[in-house]
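Have a look at the structure below before the remarks.
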Amino acid sequence: MAGRQYRLEPEWAWADWPQQPTEGQQSPCYLVRPESATANAFWLQVDVLDLPSTAEADRVLRLRDITAQVATQRDMRGFHGMVSHKMRTPLMGMLMSLELLANRADRMASDDVVELSATDLRNANRLQQALDDVLGYADIPILAEESERFYLSELEPTVSAICSSLSIATVNVSCPEGLLGSSVLLSRRRVELVLWEVLENAKKFHPVRDPTVDVSISQADPGKICMQVSDDGIDMSPEHLKHMWTPYYQGEKYFTGESPGMGLGLATVVTLVWQVGGVCRARNREDGPGVTIEIVLPLGGTLEKADAGGKGAHPGGR
């Protein structure tokens, strides 16, 4: 009955439910009702509690509404991602130019001083815009943001900007021409957060912090696309691949939301994807070392349909 309105996540944790997994294999089970045009996503955590042998029943089910906790952790991580992504690049540009001016201005040609000063001004303006974005982060109504769509034509510049901020030098992006006018059921800001977390992990867990990353889009099931992000870092154990998406795995006592080994980032990714009815997978590459992340997302319509109805955001719109 629950499967009619809710998605059972993560799928592997429900495979033998309600049997209790062995120690070290435990993962919370969630019932997730994906968001709609009129309602936010709704999360229930399902716990199976063993009762004393003297009780009439062997087990009791406990359902807890954790929607608020999930939203809080998601927004906290989103805020952190926005600060890192929006502010790091202009700040670093300003520091480099100011350092040159401070150390060499008295020996530089006036034209060079003017050029560096102009660069600082551009970066200062970018930083001011970033601060405005950050300060306005909490002012955006959730449903208004969730009604926005991310067009796949924006994928390449978005990935390039994030890789520049993370100092990832080698990245390849591909998307079939026929899908460039399509959108997915996530806002631009949330797609940026998903890509930031995945790409940051690709660098963080690379042996020399210099990954080669391939980002590709393909048609999945009808009405869905599959985004693959592959790196050339290290392989992961089957156990790690299994648990890496588990949201809030270590967070029961204080609800910190930190999963073992991969931290909060991928748990945030999976909550964003699950709540729009998507799927996250991970596997070791077959053609060499490294990991491939697969994110399946529902399509949100095409640019032509959005323009015809007068309601869609044009690529590049916020």
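The values are calculated or read from the model by the stated rules, or taken from the named source; none is laboratory data. What you see is a predicted model, and the numbers here were worked out from it, not measured in a lab. Note: ideal-geometry Cβ built from the backbone for every residue, glycine included; neighbour counts use all protein chains shown.
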So if I check each of GLU200, GLU239, which one is farther than 27 Å from ALA71 by Cβ, surrounded by fewer than 22 Cβ atoms within 10 Å (Cβ to Cβ) and at pLDDT below 95? GLU239
Of everything in segment 183-196, what is part of a helix (DSSP H, G or I) and either among the aliphatic types (A, V, I, L, M) or surrounded by 23 or more Cβ atoms within 10 Å (Cβ to Cβ) (or both)? Give them in sequence order. ARG190, VAL191, LEU193, VAL194, LEU195, TRP196
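From GLY251, GLY261, GLY316, grab the single residue that is at pLDDT below 90, exposed (fewer than 14 other Cβ atoms within 10 Å of the Cβ) and among the small types (Gly, Ala, Ser). Before the answer, list the steps.
Details: GLY251 fails: exposed (fewer than 14 other Cβ atoms within 10 Å of the Cβ); GLY261 fails: exposed (fewer than 14 other Cβ atoms within 10 Å of the Cβ).
From the options GLY251, GLY261, GLY316, the qualifying one is GLY316.
Within segment 87-116, how many residues are assigned to a helix (DSSP H, G or I) and more than 35 Å from the chain's Cα centre (by Cα)?
Step one: list which residues in segment 87-116 are assigned to a helix (DSSP H, G or I), which gives 87-107, 110-116.
Imposing the further condition that a residue be more than 35 Å from the chain's Cα centre (by Cα) reduces the set to 100-107, 110-116.
Residues that pass the stated criteria total 15.
Please work out if THR119 is of a type in the set (S, T, N, Q) and at pLDDT below 85.
Details: of a type in the set (S, T, N, Q): yes; at pLDDT below 85: no.
No: the conditions fail for THR119.
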What are the pairs, 6+ residues apart or on separate chains, where a residue within segment 1-23 that is at pLDDT 65 or above has its Cβ under 7 Å from a residue that is of a type in the set (Lys, Arg) and part of a helix (DSSP H, G or I)? TRP12/LYS242
Going residue by residue through segment 56-64, is there one that turns out to be within 21 Å of VAL191 (Cα to Cα) and modelled with pLDDT of 75 or more? no
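I need the full set of residues from segment 153-195 which are basic (Lys, Arg) and in contact with a helix residue (DSSP H, G or I) (Cβ under 6 Å, 6 or more places away or on another chain), in order please. Give the steps one after another, and end with the answer.
Taking segment 153-195 and keeping what is basic (Lys, Arg), we get 188-190.
Across segment 153-195, the qualifying residue is only ARG190.
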